[in-house]
Amino acid sequence: METKIYTIETIEEAGQALKNGQIVAFPTETVYGLGAIASNDQAVASVYQVKGRPSDNPLIVHVSTIEQVIKVVESFPLAAKKLTNVFWPGPLTIILPVREGVFAPSVTGGRKTVAFRMPAHSLALALISACQEPIVGPSANKSGRPSPTKVSHVMDDFDGQIAGICDGGMTQIGLESTVLDLSDPEQFSILRPGFVSREAIEEVLGLNIHVASEKESAAKDEAPRAPGMKYRHYAPETPVMALSPNGDAWQAHIKSLNKQGNKIAILANQTLVDHFASQVHATYSLGQEGDIQSMAHHLFDGLRQLDKSGAQVILVESSEDSQLGLAYMNRLKKAVKAD
Ligand code: TXA
Ligand code: MG
């Protein structure tokens, strides 16, 4: 199958491909997603198949209007109303109890809840409008690989296997949406940190939000809270090590890795890159020192590019564990883990 490139001019054609049960990747403000009509069981099944995604890991349903959510949920609580008013369209996914039989069990992973999000991207919204129905949109990477922030990343993983890709250039935020579970009225929980911070959500709701621990969201038990979190994620083939932005630590590691004959790649701020470029095999700059938005924007592209550099180890700069840094570190820690 030839994988076509669609633009806003040919978005109706992309919508038609979706209506025909095919898969079309699309850009959002976070990362690229793998689109298929959410009510088409077969199309959804082919998304799991082409991604190599475990069947117990449910998908996010992407909508272009709030009505598409209200129509299918058991209830639309006040908290959902307040949050969508402020953050939609945008990088916040909310989980709500859904009416039985609306979605294929594959969409929900057999659960009674569904994750919804309205992406803040004109091409994504135009695509959903073109097919007049919500679409699923897991990140458009093979299961376990870093999420895609460019058309070339989607091509690397799916060229010839999907009908097309809507070209929106490099995505703006670079890390996936915040996933917030609103299905338990007693306790709302962040299952995956993202651009919309806990603090911002707490301010809108006027109450404390629980952030699920790695253990809670990833527990390998029968019913993990966020099933996606229990799997290996965001990982290039090359082993990854995280290091705080302290020049002495970098010097020590680079020295000893070089001594052992390892080819090193570094993914770090411009100052560290400039300082160590001559001592390593490959570099990728995350931007100016301390610029967490730039770090988030470049992380996945950097991991993918350095994975192709022939290096045997990738050293990546870590950040503080708060606000957007919490999301950045969540992804980086998973890229570091060997399983
Ligand atoms: O930014 C994003 O959210 C991107 C773009 C393309 O929209 N999409 C994305 O989808 O990251 P995906 O499938 O890669 O991640 C969805 C996450 C998974 O960790 C999954 O387990 C969790 O959301 N999830 C989905 N539905 C859920 C549900 N009903 N209950 C608990 N967790 C759910
Ligand atoms: Mg993903």
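The values are calculated or read from the model by the stated rules, or taken from the named source; none is laboratory data. Model, not experiment: these values are computed from the prediction. All Cβ positions, even for glycine, are placed from backbone atoms using ideal geometry, and neighbour counts span all protein chains on display. We work out accessible area using only protein heavy atoms, side chains counted, and drop any ligands, DNA or RNA first. Shrake-Rupley method; radii C 1.70, N 1.55, O 1.52, S 1.80 Å.
For segment 43-114, the share of accessible area belonging to carbon and sulfur comes to 54 percent (1.4 Å probe, ligands and nucleic acids excluded).
Only Cα sites of segment 22-166 enter the Debye sum here, all with the same form factor; the resulting log10 I(q)/I(0) across q = 0.11, 0.14, 0.17 1/Å is -0.37, -0.60, -0.90, listed in q order. Net charge of the neighbourhood of residue 308, taken over other residues with C-beta under 11 Å away and scored Lys/Arg +1, Asp/Glu -1, is -2. Ranking 298, 275 by solvent-accessible area of protein heavy atoms (1.4 Å probe, all protein chains present), from largest to smallest, gives 275, 298. What the Cβ-Cβ distance of residue 252 and residue 323 gives, at R0 = 22 Å and to the nearest 0.05, is a FRET efficiency of 0.15. Annotation for segment 258-277 versus segment 288-339: alpha-carbon center distance of 14 Å. Under the criterion of Cα pairs below 8 Å and six or more residues apart, the relative contact order for segment 126-278 equals 15 percent. In the full protein context, the chain carries 42 Å² of accessible surface per residue, based on a 1.4 Å probe and ignoring ligands, DNA and RNA. Computed per residue of the chain from DSSP H runs no shorter than four, each worth -39500 (n - 2.57), the mean residue ellipticity at 222 nm is -10000 deg cm²/dmol. For the residue pairs 4/215; 4/334; 51/333; 51/334; 215/259, alpha carbon separations beyond 30 Å are given by 4/215; 4/334; 215/259. Count Lys and Arg as plus one, Asp and Glu as minus one, and take only other residues whose Cβ is under 9 Å from that of residue 245; the net charge is then -2. Protein-only accessible surface at a 1.4 angstrom probe places the residues 331, 53, 111 in the order 111, 53, 331, largest first. Residue 337 contributes an accessible area of around 100 Å² to the protein surface, as traced by a 1.4 Å probe with all chains present. Our summary gives the chain a relative contact order of 19 percent, counting only alpha carbon pairs under 8 angstrom and 6 or more residues apart.
Shown are 326, 59, whose ranking by accessible area with a 1.4 Å probe and every protein chain present, most to least, is 326, 59.
Less than 5 angstrom separates the built amide H of residue 73 from those of 99, all sequence-distant by 5 or more or on a different chain. Could you pull out the longest piece of the chain with no exposed loop GluC sites (Glu not before Pro) in it, calling a site exposed if DSSP puts it outside H, G, I, E, B and it has at most 15 other Cβ atoms within 10 Å? Between exposed loop sites, the widest span is 101-185.
Residue 170 sits with roughly 70 Å² accessible to a 1.4 Å probe, with DNA, RNA and ligands left out of the calculation.
Sorted from greatest to least, the principal axis extents spanned by the alpha carbons of the chain come out as 61, 49, 35 Å.
Other residues lying with their Cβ under 14 Å from the Cβ of residue 36 contribute a combined charge of +1, Lys and Arg counting +1, Asp and Glu -1.
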